[in-house]
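In what follows, a single structure is set out as structure tokens and then discussed.
The values are calculated or read from the model by the stated rules, or taken from the named source; none is laboratory data. Every value quoted in this text rests on a predicted model; they were computed, and no experiment measured them. All Cβ positions, even for glycine, are placed from backbone atoms using ideal geometry, and neighbour counts span all protein chains on display.
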Amino acid sequence: MWTRISDLDRMFATMDLLRGKMDRLGTGLDRSYGEGSGWRVVGGFPRTNMYDNGDSFQVMAELPGVAKEDLSIRIQGNYLELSGVRKAVVPEGFTAQRVERDSSSFTRSFTLEAEVDADKVEAVLKDGLLTLILPKAESAKPKQISIN
Amino acid sequence: MSTNTELTKRTEDMVEKRPDLLTVAPAVDIFENDHEILLKADMPGVLKEKIYVNIDNGKLEVSGARHLETKGARNWQEFDDVEYRRVFSVPQTIDVEKVHAELKDGTLELHLPKAESAKPRTIQIS
């Protein structure tokens, strides 16, 4: 009996692998970006990238259709929170034929590896892409030690 | 809605594209009123110059590539360079000459006006 269950398990693992491969096939399947298992992020919207540049962190987020006024960024120590509202409403006088872009409010928070200097943070929202440059606090920056 | 049924990619489509660029379909909303069809597609990070809209033989093709400018060591990455591409069938009643597009906050807005002859008309009874 137990052997069979482990066989079943293995079969499911193989199916997952196959599904992963199918997801990467791309265009042929009528599936939009953001839908389906292959592109869904467990943490939800928006998707983010994070890079460490030594002296600073760079955080990027995909925020299509979000206006500058509808986005708020909070930083405290090493805690970063992105929140906002994405409005996707039917324009006046129009009827909707197909709706895939959701209207939603979102919040995502991150714990950074080091404290950042909140006064020197730069944020740019351009073409639906948010780029944050978060300089690390003095104590967290890498230091060159000279040998006596 | 996608009518992209080619089994293999035609090579002439792929000139100047990086072969490993993933192609995905952008999420779209389609709205309609008496005068036009309005299409909105989410393409975050795509520059205006990199967007390509083509209407030919009743097919509307929208595509755009995105190249992220990043440096430093990657801690995590949930999205990457990508090519958005989607093909739609459009009715012949669209006035192709008057189609116009705007890019706003990473969302492409495509206005497809209907030809005069295709607009609804009220008939007066004489």
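Points to keep in mind about this one:
- Looking across the stretch A:63-91, the residues that are at the interface with another protein chain (Cβ under 9 Å from one of its Cβ atoms) and either polar (S, T, N, Q) or more than 23 Å from A:M50 (Cα to Cα) (or both) come down to A:A88, A:V90, A:P91.
- Residues (among the polar types (S, T, N, Q) and either within 11 Å of another protein chain (Cβ to nearest Cβ) or farther than 20 Å from B:A25 by Cβ (or both)) located in the stretch B:81-105: B:Q92, B:T93
- So A:E100, is it within 26 Å of B:K48 (Cα to Cα) and exposed (fewer than 13 other Cβ atoms within 10 Å of the Cβ): no
- Restricting attention to the stretch A:105-123 and to residues that are in a strand (DSSP E or B) and within 12 Å of chain B (Cβ to nearest Cβ), the residue that is nearest to the chain's Cα centre (by Cα) turns out to be A:R108.
- Residue in the stretch B:71-115 that is modelled with the highest pLDDT, counting only those that are hydroxyl-bearing (S, T, Y) and surrounded by fewer than 16 Cβ atoms within 10 Å (Cβ to Cβ): B:S89
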